[in-house]
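Presented below is the structure to which this report refers.
The values are calculated or read from the model by the stated rules, or taken from the named source; none is laboratory data. Everything numeric in this text was worked out from a predicted model, so none of it was measured. Here the Cβ is made from the backbone with ideal geometry for all residues, glycine too, and neighbour counts use every protein chain on show. Side chains are part of the model used for accessible areas, which takes the heavy atoms of the whole protein and leaves out ligands, DNA and RNA. Shrake-Rupley method; radii C 1.70, N 1.55, O 1.52, S 1.80 Å.
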Amino acid sequence: MRMRNIIYFIKEAMKSLRRNTLLTFATISTASICILILGIAVLITMNASQFMNKLESDVEIIAYMEKDTSGTQIASIKDSIKNIAGVKEVKFVSCEEALENLQESLGKDKYDLKETLEKNPLPDSYQIKTVNPHDVPEIAKRIELLANVKAVTYGKGIVERLFEVTKWVRLVSIFLIGLLAFGAIFLIATTIRLAIYARRKEIYLMKLIGATDGFIRWPFFIEGIILGSFGAAISIVVLALGYQSLIVRMDSLFFLPLITGQDALLVLYISLLITGMFLGVLGTLISINRFLDV
Amino acid sequence: MLVQFYNVSKIYPNGVKALDDISLKIDRGEFLFLMGPSGAGKSTLIKMLFREEKPTRGQIFIASRSVVRMKRSEIPSLRRSMGIVFQDFKLLESKTVSENVAFAMEVVGARNHEIKNRVPEVINMVGLKGKEDAFPGQLSGGEQQRVGIARAIANQPLILIADEPTGNLDIDTSNEIMDLLYSINRKGTTIIMATHAREIVKAAHKRVIMLEKGRIITDDSSGDYAL
């Protein structure tokens with residue numbers, strides 16, 4: 001492509017944007033609203049997903065030892081557990097620690113458990129975390145088979161239900177984001193089609209004079225890119241300000257862990273900007289071809 | 001031969017037969033009137049010249065190139081060898097006279113200095129000197145058509161195609177436009193003009209092709225056809 005053509009295309013695109021103020025405004029608002037909604041959906045999904053990851057990673061297995069297991073046996077059980085594929089972390093909790101934990105959870109000052117019970121009834125135990133929380137039921141079964149392991153608990157039933165819920169939350173949010181992106185493409189395509197429709201006489205004339213399709217298309221592509229990225233920029237500013245103030249408020253109010261990592265947010269904002277440009281180009285592509293068929 | 005039609009027929013998808021077995025030849029430098037009642041096929045014939053329509057049957061050659069077999073990517077170069085003048089002028093309202101003429105050169109990729117030289121030249125040629133910066137809305141119908149003609153000849157076409165160029169103009173203005181077209185023709189440009197204006201055709205003594213129901217009923221090189 002020749003340089004003077006590129007300059008001509010950009011000039012034409014800018015002229016057209018200025019001339020059709022109302023349509024320019026309409027397209028930019030459509031694009032920014034679509035991308036804002038898309039961005040909100042992605043942010044919610046990101047946060048929900050982080051929350052679910054945290055919930056899932058809290059799932060652990062507790063393996064209780066037989067009461068009369070010796071110190072060396074306990075140590076060898078630890079090795080056996082570590083050898084099971086998928087085990088991330090094994091932590092020993094002695095019967096004394098377990099009692100202290102229980103004491104703490106019942107309230108320190110009300111009772112003195114040690115005094116009341118005289119003899120510690122609690123067994124030694126291991127707390128086990130897995131690499132993938134979804135492997136918990138399977139690994140729990142294998143630990144149960146080891147010698148000197150009396151019982152294994154991992155919140156059976158609740159864990160399975162939690163995983164079922166998180167699976168569906170993820171699927172539905174991906175589906176919703178896809179749907180929103182699809183809607184955004186068509187909304188933007190329609191507004192760009194209106195802009196092209198307003199200039200159909202000019203396009204017809206250009207075709208009859210002998211302009212090539214590419215020559216006619218390029219200014220519209222540039223227009224689409226400008227409209228899309230401008231709309232995206234507005235929505236990113238709104239989203240960033242809104243989310244920042246949400247972080248500040250939520251911090252003092254809730255336990256809900258919001259994503260605050262600037263890297264993750266920056267990636268999101270840049271992706272939204274690229275999405276905006278992409279939507280602009282795609283919208284133009286969908287709309288322009290039938291006007292070129294002269 | 002500049003233009004050759006061989007047994008050209010056009011049947012539109014809705015079943016209307018617009019052209020029925022048309023054969024004709026047009027020489028370089030000719031001035032040709034296309035006449036006939038509305039719906040006789042004049043517009044279809046004209047649209048085939050710059051391939052806005054393709055014939056259902058038959059062959060068309062322009063400057064020895066087949067317009068029918070032409071690829072889509074070759075159409076722009078065909079159209080650059082032609083200038084088209086419309087009944088409703090088709091000027092861009094948001095552009096001045098100069099810009100309308102320059103537009104025709106810009107879209108075919110002419111260089112800036114070429115545009116700068118050529119635009120005043122053609123505006124002068126069609127008698128619109130001093131109106132360069134006026135917008136179409138500020139001009140009379142005759143003046144607007146002059147802009148249309150200036151735009152059509154800006155790229156120095158081989159053929160000028162005029163579809164009822166005087167259809168929206170009064171008699172005096174029509175005659176002025178015709179004088180302009182004759183002078184362009186005298187400089188060597190072939191002109192094909194569709195019209196309803198019998199007085200103009202009668203006075204011109206140029207070749208006339210009469211169409212009726214998609215067929216050529218007379219092809220008279222002297223213009224003394226029976227009205």
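Structure above, values below:
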read-out: Degrees, to the nearest 10: B:141-153 long Cα axis against longest axis of chain B; value: 80
read-out: Links that overshoot a 23 Å alpha carbon limit, given the list B:Lys17/B:Lys71; B:Lys17/B:Lys47; A:Lys129/A:Lys167; B:Lys10/B:Lys202; A:Lys11/B:Lys95; B:Lys54/B:Lys95; value: B:Lys17/B:Lys71; B:Lys10/B:Lys202; B:Lys54/B:Lys95
read-out: Per-residue average of Cβ from other chains inside 10 Å of B:72-83; value: 3
read-out: Cα-based equivalent ellipsoid of segment B:50-133: semi-axis lengths in Å, sorted from largest, via gyration tensor; value: 30, 15, 11
read-out: Measure of compaction for segment A:150-190 (Cα Rg per 2.2 N^0.38 Å); value: 2.06
read-out: Helix B:112-125 vs. chain B, principal-axis angle (Cα, 0 to 90°, nearest 10); value: 80
read-out: Calculated FRET efficiency for the pair A:Leu246/A:Ser271, C-beta based, R₀ 30 Å, to 0.05; value: 0.95
read-out: Chain lengthening between A:Lys78 and A:Lys201 when straightened (0.36 nm per residue, less Cα-Cα); value: 36.2 nm
read-out: Set A:Lys54/A:Lys156; B:Lys25/B:Lys129; A:Lys15/B:Lys42 screened for pairs whose C-alpha atoms are more than 27 Å apart; value: B:Lys25/B:Lys129; A:Lys15/B:Lys42
read-out: More than 25 Å apart - percent of Cα-Cα pairs taken over chain B; value: 40
read-out: Cα convex hull volume per residue for segment A:69-116 (Å³); value: 86
read-out: R0 of 25 Å, Cβ-Cβ distance A:Asn5-B:Arg65: FRET efficiency to nearest 0.05; value: 0.45
read-out: Calculated P(r) of segment A:60-154 - Cα pairs past 23 Å, %; value: 30
read-out: The protein assembly as shown - Kirkwood radius from inverse mean 1/r over Cα pairs (Å); value: 30.0
read-out: Diffusion coefficient, µm² s⁻¹, Stokes-Einstein with Kirkwood Rh over alpha-carbon pairs of segment A:1-74 at 20 °C and 1.002 mPa s; value: 115
read-out: Spread of Cα-to-Cα distances over 10 Å intervals beginning at zero, given as percent, for segment B:93-155; value: 26, 59, 15, 0
read-out: Net charge of Cβ neighbours under 11 Å - reference A:Arg200; Lys, Arg +1; Asp, Glu -1; value: +4
read-out: Chain A: most fluctuating residue of A:Leu208, A:Leu106, A:Leu22 per GNM, C-alpha cutoff 10 Å; value: A:Leu106
read-out: Estimated inter-spin distance, B:Ser183 and A:Leu55, nm [label 7 Å along Cα→Cβ]; value: 8.5
read-out: Helical segments meeting 27 Å axial Cα length and Kyte-Doolittle 0.5 threshold in chain A (DSSP H); value: A:21-57, A:158-198, A:213-253, A:262-292
read-out: Translational diffusion coefficient (Stokes-Einstein; Kirkwood radius from C-alpha pairs) of segment B:126-225 at 4 °C, 1.567 mPa s, in µm²/s; value: 88
read-out: Using distinct alpha-carbon pairs, which all enter the 1/r mean, Kirkwood radius of chain A in Å; value: 24.4
read-out: Partners for A:Lys150 among aspartates and glutamates (Cα-Cα distance below 12 Å; same-chain residues under 8 apart left out); value: A:Glu66, A:Asp68, A:Asp124
read-out: Heavy-atom accessible area per residue - chain B, 1.4 Å, Å²; value: 45
read-out: Helix B:171-186 axis, angle to chain B major axis (alpha carbon atoms, nearest 10°); value: 80
